[in-house]
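Everything on this sheet refers to the single structure shown next.
The values are calculated or read from the model by the stated rules, or taken from the named source; none is laboratory data. These numbers were taken from a predicted model, which means no experiment stands behind them. Here Cβ is always computed from backbone atoms with ideal geometry, including for glycine, and neighbour counts include all displayed protein chains.
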Amino acid sequence: MTLNFGPNRRLTQNAEVDARILLLLALAATQALTGCGPAEPKEISAETSGYLPSDKTKASTPAKEQKPAEGIPLADQVGPSGISIAPEVPTYEPGKLDPQIAAKKYMKLKLGELKDSASLVQFLEESTRAMRELIADGRRKLVPIDVLLDRGMELSRMKVQAAELLAKLAVTEDEKVAATLGKLESLETMASFGDVAASDDLRVLAEQESGNTDPRISQKAKAISLNLSNRDYENGTAKADDVFRNAEIVLTSGTQLNPSILTAVAQVIENLDRHDEKDLALQLAKKVEEAFRNHEEPQLALNAWQLHAQRTTEMKDIIGLIQPDPSAPIDPAQAKVAINALMNKIPSPWTSFFLVQAAIQLEYSDQPLIAKELIDVAQTQIENLKNVEARAELALNCEQFQKRLGIINKPLDLSALVDTEGKPIDMESYKGKVVLVDFWASWCGPCIQEIPNIEKVFSAKNKDGFEVISINLDENREDLDVFLKSRKPLWKTYVSNSDKPDERGFQTAIAKAIGISAIPFIAIIGKDGNVAGIHVRGPKIESKVAELLAL
């Protein structure tokens with residue numbers, strides 16, 4: 001489960017989204033038994049049918065040439081009104097296929113006289129790409145339903161023929177694998193289009209290849225067999241216990257686990273849920289989480305954890321504590337019980353990742369003590385995380401949290417800061433005053449939204465001894481300069497005293513020292529020079545400043 005942290009976060013470590021998770025989406029979008037099939041027939045307009053209307057032999061008025069934006073197909077763009085720009089209706093003979101569609105690879109691909117294995121492998125690859133393009137155009141309603149079905153079946157039949165011929169001519173092991181996978185994939189697609197004979201052939205082939213010694217084949221075959229079993233259950237020709245047992249066998253039979261297996265089992269779980277077989281769904285979710293817990297692909301392990309966690313009462317109890325209002329007071333004793341119950345239920349490092357996310361949300365909602373309870377439990381699983389990068393990230397999150405809370409009742413060392421003119425910060429000028437320290441950046445929306453709250457209190461209390469130290473974390477100094485030209489604050493702005501790129505932004509010395517991973521981050525220093533509070537935002541600024549000035 002992804003939590004909305006509230007503060008604006010810019011990831012500075014491991015910032016790239018792991019593209020491997022897209023495999024799950026790709027499988028769902030392109031493979032027959034994992035949810036893809038021809039779109040349900042809907043009303044087809046002249047613009048989306050691929051055919052010219054019978055009452056319109058030519059465009060009534062010359063259309064202005066519309067050039068697609070670079071890299072974006074015209075059909076995916078929107079006009080000024082927000083309405084999708086439909087392809088211009090061309091002028092050609094009524095009832096004939098749009099020439100642009102007719103020219104597509106999926107319309108023109110032919111098997112031909114291919115007699116060597118290399119050419120057959122290339123054809124299998126081309127047919128796979130053509131099928132993906134056909135389905136994509138079908139989803140965008142650029143291809144009529146009958147064309148989608150006809151060409152989809154024809155492409156699949158050609159792929160079967162090519163795969164069978166390749167199986168006879170294959171020289172290398174990879175070519176043999178390509179032949180078997182090609183046949184499995186094409187039969188799978190034909191079965192999804194409603195071809196009963198293909199479905200029967202697929203069932204036999206998948207069962208036969210489930211024991212193949214090459215994991216590339218056996219994984220695919222087992223996933224298909226499980227999908228077929230799941231479909232039987234959906235159609236009422238198999239019992240819940242049967243599909244549960246089949247999924248359990250796939251998970252425990254020594255199969256090398258991969259996205260296809262996870263997707264297939266996940267669909268079984270969801271199907272069991274839909275049929276109100278909640279206990280079986282929960283049992284299977286537990287098994288899949290345990291099977292994938294230490295998978296070398298962290299995203300697969302996390303997805304498997306989600307399948308289990310979201311179905312447990314322990315997770316629901318935690319969510320009930322922190323949502324929908326994380327700022328509402330939470331009973332520490334109740335929180336401790338709920339946190340430990342979840343970890344005992346799912347003693348996984350991925351439970352720790354969830355607890356860390358929840359802790360950050362609570363921390364920024366001004367409940368640091370409850371957040372610390374979550375972090376303390378989360379830290380117990382760090383060493384059990386097999387993936388080195390994920391373990392380092394979890395450890396870093398916990399460490400940064402402890403640093404942030406560790407500054408309370410201590411002074412801040414701001415000596416490595418300079419103002420926008422390059423002059424070192426003069427801490428003596430702030431001595432004996434109440435000082436709000438605001439870490440922010442020009443790209444951070446919530447940071448900008450907080451400025452009026454600070455300005456209001458500054459205007460009212462500056463004469464009484466209230467000051468503001470603004471610490472900018474923009475990585476590019478030019479961004480700050482542009483911002484200050486349009487909106488100059490009432491107080492001084494400071495930046496890192498280093499010109500090195502790796503010592504600016506979130507890598508600014510003070511930001512690293514106190515574990516800042518999200519902004520805005522606000523700390524308030526009392527007259528004694530020690531931090532009196534963190535995450536003081538909105539209306540709380542006024543009351544906290546008044547409290548500290550009165551001391």
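I'd like to know if the range 232-247 contains one or more residues that are under 28 Å from the mean Cα position of the chain (by Cα), among the charged types (D, E, K, R) and within 21 Å of residue 304 (Cβ to Cβ).
No, the range 232-247 has no match at all.
Please go through the range 517-549 and give me each residue that is touching a helix residue (DSSP H, G or I) at 6+ places or on another chain (Cβ under 7 Å) and exposed (fewer than 15 other Cβ atoms within 10 Å of the Cβ), ordered by number.
Listed by number, the list holds a single entry, 538.
Please enumerate the residues belonging to the range 208-247 that are surrounded by 22 or more Cβ atoms within 10 Å (Cβ to Cβ), more than 20 Å from residue 281 (Cα to Cα) and of a type in the set (Lys, Arg).
The one that is surrounded by 22 or more Cβ atoms within 10 Å (Cβ to Cβ), more than 20 Å from residue 281 (Cα to Cα) and of a type in the set (Lys, Arg): 220.
Scan the range 179-186 and tell me whether some residue there is of a type outside the set (Lys, Arg), more than 16 Å from residue 212 (Cβ to Cβ) and assigned to a helix (DSSP H, G or I).
Yes, some residue in the range 179-186 is of a type outside the set (Lys, Arg), more than 16 Å from residue 212 (Cβ to Cβ) and assigned to a helix (DSSP H, G or I).
Residues checked against (1) surrounded by fewer than 21 Cβ atoms within 10 Å (Cβ to Cβ); (2) of a type in the set (Lys, Arg); (3) under 19 Å from the mean Cα position of the chain (by Cα); (4) more than 21 Å from residue 269 (Cβ to Cβ):
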site	(1), (2), (3), (4)
284	no, no, no, no
303	no, no, yes, no
314	yes, no, no, no
321	yes, no, no, yes
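Taking the range 436-461 only, how many residues are of a type in the set (S, T, N, Q) and free of Cβ contacts under 8 Å to residues at least 12 places away in the same chain?
The qualifying residues number 1.
Looking only at residues that are out of contact with any Ser or Thr (no Cβ under 6 Å at 6 or more places or on another chain) and of a type in the set (Lys, Arg) in the range 139-179, which one is surrounded by the fewest Cβ atoms within 10 Å (Cβ to Cβ)?
The qualifying residue surrounded by the fewest Cβ atoms within 10 Å (Cβ to Cβ) is 168.
Would the range 329-349 turn up any residue that is out of contact with any helix residue (DSSP H, G or I) (no Cβ under 8 Å at 6 or more places or on another chain), more than 23 Å from residue 382 (Cβ to Cβ), part of a helix (DSSP H, G or I) and outside the structural domain of residue 382 (by TED's automatic domain parsing)?
No, every residue in the range 329-349 fails to be out of contact with any helix residue (DSSP H, G or I) (no Cβ under 8 Å at 6 or more places or on another chain), more than 23 Å from residue 382 (Cβ to Cβ), part of a helix (DSSP H, G or I) and outside the structural domain of residue 382 (by TED's automatic domain parsing).
Each row is one residue, and each column tells you yes or no for (1) within 19 Å of residue 537 (Cβ to Cβ); (2) touching a residue at least 12 places away in the same chain (Cβ under 8 Å); (3) assigned by TED's automatic domain parsing to the domain that holds residue 437; (4) buried (at least 19 other Cβ atoms within 10 Å of the Cβ).
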| position | (1), (2), (3), (4) |
| --- | --- |
| 464 | no, yes, yes, no |
| 473 | yes, yes, yes, yes |
| 482 | no, yes, yes, no |
| 495 | no, yes, yes, yes |
| 499 | no, no, yes, no |
| 515 | yes, yes, yes, yes |
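Could you grab me the full set of residues in the range 376-398 that are aliphatic (A, V, I, L, M), crowded, with 19+ Cβ neighbours inside 10 Å and within 19 Å of residue 512 (Cα to Cα)?
The one that is aliphatic (A, V, I, L, M), crowded, with 19+ Cβ neighbours inside 10 Å and within 19 Å of residue 512 (Cα to Cα): 394.
With the condition being over 34 Å from the mean Cα position of the chain (by Cα), I'd like the helices (runs of 4 or more DSSP H) fully within the range 449-551 carrying at least 2 qualifying residues. Before the answer, list the steps.
Working: elements: 477-486, 509-513, 540-549.
Hits in the range 449-551: 477-486, 540-549.
Go through the residues of the range 269-285 one by one and say whether even a single one is within 30 Å of residue 163 (Cα to Cα) and assigned by TED's automatic domain parsing to the domain that holds residue 305. Full working, then the answer.
Of all residues in the range 269-285, those within 30 Å of residue 163 (Cα to Cα) come to none.
Looking through the range 269-285, none of the residues is within 30 Å of residue 163 (Cα to Cα) and assigned by TED's automatic domain parsing to the domain that holds residue 305.
Residue by residue through the range 189-204, note down the ones that are assigned to a helix (DSSP H, G or I) and either over 18 Å from residue 123 (Cβ atoms) or more than 32 Å from the chain's Cα centre (by Cα) (or both).
Hits for the range 189-204 are 191, 192, 196, 197, 198, 199, 200, 201, 202, 203, 204.
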